[in-house]
Structures are given as C-alpha cells and as structure tokens.
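A short reminder: the numbers here are calculations on the coordinates, not readings from a lab. Bear in mind that the values here come from a model prediction, so they are computed numbers and not experimental data. Quick reminder, even Gly has a Cβ in these numbers, built from the backbone with ideal geometry, and neighbours come from all protein chains shown.
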Amino acid sequence: MPWDSVKLNDGTSIPSIAFGTWTLGNGQTPIDQIDQALSIGFNHLDTAQSYRNELEVGIALRESGLSRDDVFITTKYSGLNGLDIETSIHNSIANLGVKYVDLYLIHHPRLATPDIPTAWAKMEKLKEEGVVKSIGVSNFNVQQLQILLDHAKVKPVANQIFFHPYILETQAPIVEFGNHHGIISEAYSILTPLTHQPGGPVDAPLKSIAARLNAKPEQILLAWAKAKGVVAVTSSTKKDRLEGYLTAGDLELTTEDIAAIDAAGLVGARQRTTRQVVQRFAVASLVGAAVLGLCGYMGINVL
Ligand SMILES: NC(=O)c1ccc[n+]([C@@H]2O[C@H](COP(=O)([O-])OP(=O)(O)OC[C@H]3O[C@@H](n4cnc5c(N)ncnc54)[C@H](OP(=O)(O)O)[C@@H]3O)[C@@H](O)[C@H]2O)c1
C-alpha cells in the first residue's frame, strides 16, 4: 500500500488517504462509486451526517465483501435535524449498519454547543462506551483547539481541515499546532487549485513536476499534501483517477518541488487578497457615487 497508516495518539491507526462521500448524493450511483473505491484499494471512507449518504456507505461496505475491520470509517456530527451528539451517532451507526465507527468528528466548531468543553465531554463519553473508537474535530483553528485541550480528558486524535497550496499560509499553523500536541491533521479539498481555482500560479509548478515524474497534476497535489504530513481526504467518480490517487503515494517530491508549490501558493493567495481589496474598493466607490448622486437629485448638500 503506497499510503501507509498513521498512528494516532490513542493507539489506533488511520489509513493516510480517504475516499470522501460529500458530493456523491444518494441512491445507486454513490453505492457504485464507493464500491469502485473499495475495489481498487481504498480502505478509509470519509462521510458525515450532513452528506446524507451514510446508508449508501453501509450498503457499499456490505456489498464489497470486506470485513468491518478492513475498512476505516469516519463520520461527523453535523447537527443534522437539530439532533444532539449522542442521538446523532446512534442514527449514524444504524444508517451505516455497523457496530462502531472508527472516527467520529465534530464537523465544525459552531456545532460544539453550548460550548467546546461541554460538547467534547459528550464525545469522550461515546469513546468510553465503545460506540466510536476515536474522536476528533473538523475545521477547528488553533484557538479552538487550545480551548478543547485546556478542558479535555481525552485528546482529539485528528482535526480535519481545508488544505491546499493557496491557503497554506493560514492552515500551516493549525497543522503545526496539531503536530505539537499529537493531533493529526486531515486535509480536504486539496485539489482546489485544479477544481475551483484553475489558471493560478500553482498550475506552472504542478505542470512541470508532473511532466518530469510522468504523473498527473492531481497526483502531484496529493503527493504535496502527503509531504506536509497530513492525511489526504479526497474523492473521484472516475476509476483511473482513483488509481492515480493511490499511486501518488509512491511519488517522491524533492524539497525544491515542495518549495516551488508553496511559493506559487503564496503568490496566488496574495493575488486573491489584492483582487478582493480592489473589488471592495470598487463596490464602495460605486455605492458612494450612487449616494452622492441621489443626494444631489434630492437637493441634499452633503459636501
Ligand atoms: N470536514 C469538512 O468540513 C469537509 C469539507 C469538504 C470536504 N470534506 C471531505 O473531503 C472529501 C473530498 O473533498 P473534495 O471533493 O473537495 O476534494 P478534492 O480531492 O479537492 O476534489 C475531488 C474532486 O476533484 C476532481 N478532480 C480530480 N482531478 C481533477 C483534475 N485534474 N481536474 C479537475 N477536477 C479534478 C474530482 O472530479 P471527478 O469526479 O470528475 O474525478 C473530484 O470531484 C469530501 O468528499 C469529504 O469527505 C470534508
């Protein structure tokens, strides 16, 4: 297996690449796509209550013929239908048709109600009961992780965060904080430079590194994430892409490759900030001109 498992701070292990079900929808299609991922070697499924396809994950798992222990299942407390953490995990277990989930995450800090310590104590209880093997969080920043650690009896094993080269500057400190405290970072939407921000500065290093290694740009991004020490949470509807994701675990990026992607990511982030400032200035100027025009029309002298 090119992507090794990573040891977590509670003694369990997590496969370092996951197949995510966020965008798959419901019905037979996601079942087939999850089946496809399992059949080519993915052994980590990442779902959430809000993705509304835990049922499909469970069906695909049973159809795969794999034993429960062979597949690592993550689901997330998403506050679906206003239900609490305990009720929600029991619904997830029933939907998935399993006796336990490997990892249960609080999907977002805003769901940690009435506050982070109280919500986390509920997660700790579920781990104690054995209904979940490990507990963690998602989308927590450093400050929120610190609040959690200040009150936790059991440390979170993982924090799943948005992570790609254009946001490295803001997200790297979260990864570093996690490393310092034994909390693994899981990265989602790593392929954003290809899917949502194509044409940016990261394209050039991706293209040249991919050409040199006879690989695809998406494989280079996944290899970059692996080099950053995060667990990759990705997805694809296409078999050949999924196979490529798995073999990306064997790609050896040089220090220069990683530095080139980091630097291009930073340039892209700066360009985006400048664009946003210019856009805000343009909108403010237009609003100002409109207000002045209106005042003039109404005979109000504001100058
Ligand atoms: N915790 C959270 O808040 C959170 C938030 C978002 C996501 N997630 C998790 O992370 C998983 C992955 O999220 P994501 O879908 O945003 O991840 P991603 O890995 O960045 O993107 C996957 C998508 O990239 C497309 N793709 C791959 N190579 C491409 C290329 N060369 N050009 C254009 N498109 C390409 C694939 O399309 P094809 O299907 O066409 O191959 C696929 O739809 C989710 O399913 C979910 O489990 C968690």
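So the values come out like this:
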item	result
Selection from Ser92, Ile183, Gly288, by position along the positive dipole direction of the chain (Cβ)	Gly288
Cα-only Debye scattering, the chain: base-10 log of I(q)/I(0) at q = 0.08 Å⁻¹	-0.41
Note, ³J(HN,Hα) from phi for segment 197-211, Karplus 6.51, -1.76, 1.60, rounded to Hz, x at Gly and Pro	10, x, x, x, x, 6, 3, 5, x, 4, 5, 6, 5, 4, 5
Folded to 0 to 90 degrees: helix 168-180 orientation relative to the chain principal axis, Cα	40 degrees
Under 5 Å, built H, 5+ apart or other chain: amide partners of Val6	Ile14, Ser16
Modelled FRET efficiency - R0 51 Å, Thr237 with Glu128, Cβ distances, 0.05 increments	0.85
With Cα atoms, 0 to 90° folded angle of helix 85-96 axis to the chain main axis	60 degrees
Cut-off under 5 Å, modelled amide H: who pairs with Ile161 long-range	Asn139, Glu186, Ala187, Tyr188
Charge dipole (the chain, unit charges on Cβ, about Cα centre) - positive-most of Ala152, Gly299, Pro30	Gly299
Gained length - Leu149 relative to Ser50, 0.36 nm times residue gap less alpha-carbon distance	33.0 nm
Built amide H within the under 5 Å cut-off of Asp102, gap 5+	Ile73, Lys133
Part-to-part distance (alpha-carbon centres) for segment 117-154 and segment 14-70, which is given in Å	25 Å
Residues Leu242, Leu266 arranged by fewest to most Cβ contacts within 10 Å	Leu266, Leu242
Crossing angle, helix 116-129 versus the chain [Cα axis fit, 0-90 degrees, rounded to tens]	20 degrees
Net lengthening on full extension, Thr87/Gln28 (0.36 nm per residue, minus Cα-Cα)	18.6 nm
Where labels lie 7 Å past Cα in the beta-carbon direction, separation of Asp35 and Val278 in nm	5.0 nm
Length-normalised contact order for the chain - Cα pairs under 8 Å, 6+ apart - percent	16 percent
Arg62 paired with Val142, simple spin-label distance in nm, labels 7 Å along Cα-to-beta-carbon	4.7 nm
Extended-chain gain in nm, criterion 0.36 nm per residue less alpha-carbon gap, Ala204 and Glu176	7.4 nm
